[in-house]
Structure formats: structure tokens, C-alpha cells
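So the structure is just underneath, and the comments pick up after that.
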Amino acid sequence: MQEPTTPQDPLLPDADTPETAQEVAPAAAAAADSTPSLEELLRQAELRAEEHHDAWLRAKAETENTRRRAQEDIAKAHKFAVEKFAGDLLAVKDTLEMALADPNPDSLRAGVEMTLKNLVAAFDKAAIVELNPVGEKFDPHKHQAMAMIDAEQPANTVVQVFQKGYLIAERTLRPAMVAVAKAKDS
């Protein structure tokens, strides 16, 4: 009787054979050559660290330059913010000087009217809006009550303006000084 034999796997090399041992030795030597030494790994890590440090220094310098330029822009904006408005007021001054230079009373009145027109135009360009709140409800953000008087209007209605107020870009430049209606006794 014969014993059953197991088939040999033809794909696995036999490690004990001399031919296979000769093929494995050069592969192991190549693998050992491709693995960098510790010194090489350290040198590469130092190079990467130096590159990152340089990039960080450049980014820090750029950030500092951007911050400095922004501060200069803000300083210039503060310094020259009034430049346009001042240029518009020069026409007002010129007109007033011409009106005062002419001794004719009619010319003086025309010159003053022209001055007021130029001043209103300068205010319009600067977004300065006049407040003349007669008949409006009292608003403490825009009006300053100077007196309370008996009137036919509902209580807290502005009935008289002593001095006009002004807004600049919807913010109160000067509140209007007003008198408001008293509440009626019931």
C-alpha cells in the first residue's frame, strides 16, 4: 500500500537550496543600502526644520509689514479726512470775501446769499444734514429740550426751534435746541 503524498507548492522557494540563498543576499544588501543611516535622517530633519524656520520668519516679516502699512493708511486717513471738506469751504470763504469787498449794499446781500448757497452745497457734499424738527415728536438723540410750553400739539411735540441741529452721516453732530409741548392737564 502506498502512502498519500502532499503536493509541493511550486511558488515557494526552498530556502535551503544554494540558488535561492544567492538571490536573497543581493536583495538584502540593496535594502540595507536604500535605508538611510541615522546621520542621514538627522541631516534631513535638520534641513526640513531650517526650511520651516525660514518660512516662519518670512511669514512673520510679511505680517509685520502688513500691520505697519495698515497703521500708516489709518494715520493718513485721520490726517487728511477733512481735506475734501476744507477744499469745499474755500469757495465759501472766497465768496464771502468778494461780498465784503464791494461797498454796494445790494452786492453785499447777493454775496452773502451766494456764500450761504456755497456753504449748503459744501454741507451736502460732506453728508451734513440740517435738523429743523418743528412739528416732529421729541427725540432725545437728536433734540435738546430747552423749555416746555403750552401748545395745541400733542405732548412732547417740538413746537419751536431755538437753534437748528445737524447730523453727519446719520450721527448727531449737534442736537437741535427746541421747546416742546407740555402735556395737557386732564
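Taking segment 72-127 on its own, how many of its residues are small (Gly, Ala, Ser) and under 34 Å from the mean Cα position of the chain (by Cα)? Please lay out each step first, then the result.
Going through segment 72-127, the residues small (Gly, Ala, Ser) turn out to be 75, 77, 81, 86-87, 91, 99, 101, 107, 110-111, 121-122, 126-127.
Adding the requirement that they be under 34 Å from the mean Cα position of the chain (by Cα) leaves 75, 77, 81, 86-87, 91, 121-122, 126-127.
Of the residues in that region, 10 qualify.
With the condition being touching a strand residue (DSSP E or B) at 6+ places or on another chain (Cβ under 8 Å) and open to solvent by 60 Å² or more (accessible area, probe 1.4 Å), I'd like the strands (runs of 3 or more DSSP E) fully within segment 69-186 carrying at least 3 qualifying residues.
Of the strands (runs of 3 or more DSSP E) lying wholly inside segment 69-186, those with at least 3 residues that are touching a strand residue (DSSP E or B) at 6+ places or on another chain (Cβ under 8 Å) and open to solvent by 60 Å² or more (accessible area, probe 1.4 Å) span 143-149, 158-163.
Under 7 Å between Cβ atoms, which residue pairs at least 6 apart in sequence (or on different chains) link something in segment 151-174 that is on the phi > 0 side of the Ramachandran plot with a partner that is surrounded by 16 or more Cβ atoms within 10 Å (Cβ to Cβ) and of a type in the set (Phe, Trp, Tyr)?
Filtered contacts from segment 151-174: 156/138.
Answer yes or no as to whether residue 59 is in a helix (DSSP H, G or I), farther than 30 Å from residue 117 by Cβ and open to solvent by less than 60 Å² (accessible area, probe 1.4 Å).
Against the criterion (in a helix (DSSP H, G or I), farther than 30 Å from residue 117 by Cβ and open to solvent by less than 60 Å² (accessible area, probe 1.4 Å)), residue 59 qualifies.
The values are calculated or read from the model by the stated rules, or taken from the named source; none is laboratory data. Note that this is a predicted model, so its numbers are computed, not measured. Here Cβ is always computed from backbone atoms with ideal geometry, including for glycine, and neighbour counts include all displayed protein chains. Please note that ligands, DNA and RNA were not included when accessible areas were found on the heavy atoms of the full protein model with its side chains. Shrake-Rupley method; radii C 1.70, N 1.55, O 1.52, S 1.80 Å.
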